[in-house]
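Notes follow the structure.
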């Protein structure tokens, strides 16, 4: 599921960026909406994949669906190497124990992801700590003029939520959802009414558009997909387009573009402390030049997306996110030969191992491994089986297997050495004389040379004459 979510997130973010580029001649509010829709699509895909019922689409299996052979054919089994036609029935050949990697790649990837996510999350946490410090040390604005201008700006934008104005040397910014806060410097009490109106209109536009929670979700996606450059690019573009969209709101209220650009430049130059990364700062130096150029360009579209457009986009978002619940499942493969190789703990092949396969009805088929340690049962269909392996000197092997996907018809086994004691008398013999490895197999290291411990030579004790006379 993790890989699927990464792919879905990458596609959603790429489509959002492509949409923002396609609307480069439209308003910043429209581009911000497209980018926010991409962020919401990633979040909805992760939620819907767990909540919605899965729509399973069966994909055709590549294993040949031959006619089920008769029980007599199944019982014969096969002890020779698989034919080329049968070898094509499986798409994956498991590596031998000597070829298998001992590096736990899954754990290493998980640890690497956790390390990156923790580093980005620490940055977010530091930003929230900064907001909390500002909230604790700041004082509420008490100037009647500032409070009156705040009420007028809220009325102009139709905001009914309670908004707290804080006075602190921190850069101008806003944060919060249900009870948002706006911080202004102590010098704001000496600002002109036009400057205060422009600042409050910009910050209240963020409140009206819910830019802070949207940006918070985008930053959280950066923590989850820190390895994906698209997540960082979308978060940055989302912040820049949000600031420009709020600038358009200010200009739409009748503030002169040159006066607003001057106020914005003066506020950025007078900032005494670093910007609050977890807030929506008004004058970020990195984007200030582009914003001023945009607000002084009379040809730029400054309209907000229509309600019809937003409704249609939200509907498409729900449809796209519900696709996350679609899961492609392969049809049950088989019947096909059940093949594999038996090894000992050192990686050497074990010839002459008696293999047994039992289905749910109790029908049992047997076949020994050949000189290269390989075994092959005649084609069997999908279902539940019990696979057993017995050879003297090794622990008996018994495993429940389920044959569904095409890869399930390939089973490689490793037998562990059993315990040998002198009081055990081994009478069993290998069922058949193993055939020598085929010439095409090359050099094959054969294991299983384990014998019962026996006394091979007896030495009678020799006593001195004094000892013999004494006893």
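The values are calculated or read from the model by the stated rules, or taken from the named source; none is laboratory data. No experiment lies behind these values; they were computed from the predicted model shown. Heads up, the Cβs are rebuilt from the backbone with ideal geometry, glycines too, and the neighbour counts pull from every protein chain shown.
What the table shows:
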| item | result |
| --- | --- |
| Selection count, the stretch 247-285, where residues are over 30 Å from residue 123 (Cβ atoms) and out of contact with any helix residue (DSSP H, G or I) (no Cβ under 7 Å at 6 or more places or on another chain) | 5 |
| Residue 258, sole failed condition from (1) buried (at least 18 other Cβ atoms within 10 Å of the Cβ); (2) under 26 Å from residue 152 (Cα atoms) | (1) |
| Hits in the stretch 332-356 - residues which are exposed (fewer than 15 other Cβ atoms within 10 Å of the Cβ) and either at negative phi or at pLDDT below 60 (or both) | 345, 346 |
| Filter result for the condition that a residue is in the same structural domain as residue 273 (by TED's automatic domain parsing), assigned to a helix (DSSP H, G or I) and either under 37 Å from the mean Cα position of the chain (by Cα) or surrounded by 15 or more Cβ atoms within 10 Å (Cβ to Cβ) (or both), over 183, 199, 177 | 199 |
| Criterion (farther than 25 Å from residue 287 by Cα and under 21 Å from the mean Cα position of the chain (by Cα)) met by exactly one of 37, 9 | 9 |
| So residue 416, is it within 37 Å of the chain's Cα centre (by Cα), modelled with pLDDT of 75 or more and loosely packed, with under 15 Cβ neighbours inside 10 Å | yes |
| Residues within the stretch 115-143 that are surrounded by 11 or more Cβ atoms within 10 Å (Cβ to Cβ) and in contact (Cβ under 8 Å) with a residue 24 or more places away in the chain, tallied | 18 |
| Residue within the stretch 149-158 that is under 24 Å from residue 216 (Cα atoms) and not in a helix (DSSP H, G or I) present | yes |
| Some residue of the stretch 144-151 being free of Cβ contacts under 8 Å to residues at least 12 places away in the same chain and closer than 22 Å to residue 205 by Cβ | yes |
| Only one of 378, 372 that is in contact with a strand residue (DSSP E or B) (Cβ under 9 Å, 6 or more places away or on another chain), buried (at least 16 other Cβ atoms within 10 Å of the Cβ) and part of a strand (DSSP E or B) | 378 |
| Among residues of the stretch 294-311, those that are modelled with pLDDT of 85 or more and either part of a loop (DSSP other than H, G, I, E, B) or in contact with a strand residue (DSSP E or B) (Cβ under 8 Å, 6 or more places away or on another chain) (or both), counted | 8 |
| Test result for residue 189, touching a residue at least 40 places away in the same chain (Cβ under 8 Å) and in contact with a strand residue (DSSP E or B) (Cβ under 9 Å, 6 or more places away or on another chain) | yes |
| Residue satisfying all of: in the stretch 269-290; assigned to a helix (DSSP H, G or I) and either closer than 18 Å to residue 241 by Cβ or in contact (Cβ under 8 Å) with a residue 40 or more places away in the chain (or both); farthest from the chain's Cα centre (by Cα) among these | 270 |
